[in-house]
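Quick notes on the structure that follows.
The values are calculated or read from the model by the stated rules, or taken from the named source; none is laboratory data. Computed from a predicted structure; not experimentally measured. With ideal geometry, Cβ positions are generated from the backbone for all residues, glycine too; neighbour counts draw on all protein chains shown.
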């Protein structure tokens, strides 16, 4: 038996544990992360496609609304985000999904009220966090239920 065959047999026997698939929880977490990245990619591509259509009045209107929402976030959170594509693309995507300017302002108000005084959480008052498809839906779902209405009366 040659050295090559000996090494090949050794690897075949002892490499089996390393060829086993990852455990299910790890794969599930990885799949969720891949889905989020894929959704963000779709959001980005759909906004680029609409932006590339000449004379598309909706895009200009949405871009202006996105800039206004970004200005509102800057005022509420004390930030200075510029209305560049990196900051507006997710806002435009949420507008396309059917969210209103009022919905976005409500999420900004709620998260500023919750996070501004918290050094750990205040860093997340940014477009990438607030307007990510899944997170925005969750923040929007927190809505103004009975607890929120009660808080407004106390402020």
Residues that are out of contact with any strand residue (DSSP E or B) (no Cβ under 7 Å at 6 or more places or on another chain) and farther than 16 Å from residue 39 by Cβ: does the stretch 130-138 have at least one?
no
When the stretch 104-132 is checked residue by residue, the ones that are closer than 17 Å to residue 63 by Cα and surrounded by fewer than 18 Cβ atoms within 10 Å (Cβ to Cβ) are 105, 128
Out of curiosity, is residue 73 touching a helix residue (DSSP H, G or I) at 6+ places or on another chain (Cβ under 6 Å), outside any loop (DSSP other than H, G, I, E, B) and modelled with pLDDT of 95 or more?
yes
Spot the failing condition for residue 107; the list is (1) in contact with a helix residue (DSSP H, G or I) (Cβ under 8 Å, 6 or more places away or on another chain); (2) without any contact (Cβ under 8 Å) to a residue 24 or more places away in the chain; (3) under 25 Å from residue 35 (Cα atoms), and only one is missed.
(2)
